[in-house]
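The values are calculated or read from the model by the stated rules, or taken from the named source; none is laboratory data. All figures in this text were calculated on a predicted structure; none of them were measured in a lab. Cβ sites come from the backbone with ideal geometry, for glycine too, and all protein chains shown count toward neighbours. Keep in mind that these areas ignore ligands, DNA and RNA; they rest on the heavy atoms of the full protein, side chains included. Shrake-Rupley method; radii C 1.70, N 1.55, O 1.52, S 1.80 Å.
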Amino acid sequence: MATLKEKIGYALGDAASGGITWKIMSTAFPLFFTNVFGLSFADAGLLMLIARMFDVVTDPLMGSIADRTQSRWGTYRPWLIWGSIPFGIIFACLLFTPELGPGGKRVWAYTFYLLMMAVYTLVNVPYGSLLGVMTEDDDEKNQFSSYRMVGAYAMGFVTLISFPYLQKWVGGSEAHQYSVLGAGFGVVAAVMTLACGLLTKERIKPKRAEKFSTKQYSDLIANKPWIYMTLVAISTNFFNGFRYAAAGYMMTYCLGGDVTIGALIINYTVFMAFGEVTCMIFGGLSPAFTRWVGSKRRAFIWSAILCTVSSVAYFFIPMDPAYIWVMVAVSIITSIGVGFYSPLLWSMYADVSDYATETYGASSTGLIFSSGTMAQKFGSAISGSLIALLLGMAGLISTTDPNTGETVVTITDPESVKTMVWSLFSLFPAAIAALMGFLAYKFPLKK
């Protein structure tokens, strides 16, 4: 029986990766790369596309390596323990803007973005796989998943709500602010990841395949529940990726910048923070909601319906700062659906892992959970890449002044840019949520 300390320890892992590093990468990076760092929209889009092709190879490979790891720390935990420090350092480097020309900046961004994807894989694939070896009890798996999501969303809320105030406290140029915050958040993420590795326990010994074989990959392709689960996971991350990556552009170009209400500064990170705290609350309620509707699959479908309807409704809100609380309210309703389905995703991956072990005879927990991490990065980064490319097509152009090194943003068609940004936050996610619900309906495991 897992202790409360262990559940909190497990939650710290996603508080670091999901609540800090990935939250900043998905929310701030598109705007940071184009409006602060100085990449063109085409460069930013291409960077994220290349990184995704990189992950297609590294994520499954990491899953296979993790499955075969044997140490006194266990199978998956050593990767968190020894990967924690590089995880924090590389994240800090990625938010640093070097004093280089356009070519040098491009090399820096590509190098550290690819390194960040690699170290994220090295830490997060084993972290997700831990769920398959900490307990055999299905309800306890749901509890661990719920703690994980609460940890991620609670830390995500702290990260996003504090970001503009920390920027103001740091002062100086935006590039300096991002550099300092990258270092600070990198340290916190490294400490949390290390704590997760030290506080968790591996109770189940995986039934190992003795050596690498192509059979594990052919078994995976033949695994129908895995195929549906991976498509669902990609859809959820496309859904989240569009909303988080578009939020900064929405505040900047549709609402005219930050909205100040008394002492409250509502910028794009604070706006999304309202959703984070909602996801934290309803992520904690997800196991009870699942029991109430009767199955994980049904809970997922109802969550997707809620996300679809609320996202469509958002499109019809006027682009006016006077309606900011209406926007927040509708975004919160969407986040209720996200909060419900997020813990289910990883619990359902654990079910797929159990199915694979029963059907094919050897454990492929790391390989299966690696597809969840790959889907996370694929969905978030491809959506960010598409946003950069679509905004460029709509008339938003970012360049670096060769004389001063400063970022210069020009708009050739303001109305086209506004409509595109608004749609990227509402109609695009709505279509993806509808697809997500359909795929969940077709998911063959009925737990």
On a 0 to 90 degree scale, rounded to 10, what angle separates helix 77-94 from the longest Cα axis of the chain? 10 degrees
When the charge dipole of the chain is computed with +1 on Lys and Arg Cβ and -1 on Asp and Glu Cβ about the Cα centre, the Cα farthest towards its positive end, among 63, 122, 90, belongs to 63
Magnitude of the Cβ-charge dipole of the chain, K/R +1 and D/E -1, about the Cα centre, nearest 20 debye? 1200 debye
What label, among (i) 33.8, 126; (ii) 20.9, 63; (iii) 26.4, 96, belongs to Rg and Dmax of the Cα atoms in Å computed from the structure on display? (ii)
To the nearest 10 square angstrom, how much accessible area does residue 50 have with a 1.4 angstrom probe? 70 Å²
Förster-model FRET efficiency, 45 Å R0, residue 293 and residue 316, C-beta, rounded to 0.05: 0.95
Residue 419 to residue 111: FRET efficiency via 1/(1 + (r/R0)^6), r the Cβ-Cβ distance, R0 51 Å, to the nearest 0.05? 0.90
Does the range 68-193 come out rounded, prolate or oblate, given a ≥ b ≥ c as the square roots of the eigenvalues of its C-alpha gyration tensor, rounded meaning a/c under 1.5 and, failing that, prolate meaning a/b above b/c? oblate
In square angstrom, rounded to the nearest 10, how much accessible surface does residue 261 have for a 1.4 Å probe? 60 Å²
Under the 0.36 nm per residue contour assumption, what length would be gained going from the current alpha-carbon distance of residue 139 and residue 89 to full extension? 14.3 nm
What nm value, rounded to one decimal, do you get for the distance between residue 393 and residue 3 when each label is placed 7 Å out toward the C-beta? 5.5 nm
Which order do peptides 437-443, 129-135, 40-46 fall in by mean Cβ count within 10 Å, highest first? 129-135, 40-46, 437-443
Among 101-107, 69-75, the order from most to least packed when residues are scored by Cβ within 10 Å on average: 69-75, 101-107
Along the Cα→Cβ direction, 7 angstrom out, place labels at residue 258 and residue 70. What is the inter-label distance in nm? 5.6 nm
Helix-only CD estimate at 222 nm, as mean residue ellipticity for the chain, using -39500 (n - 2.57) per DSSP H run (n ≥ 4): -25500 deg cm²/dmol
Among 340-346, 266-272, how do they line up by average Cβ neighbours within 10 Å per residue, starting with the highest? 340-346, 266-272
Rounded percent of accessible protein surface that carbon and sulfur make up, the chain, 1.4 Å probe: 69 percent
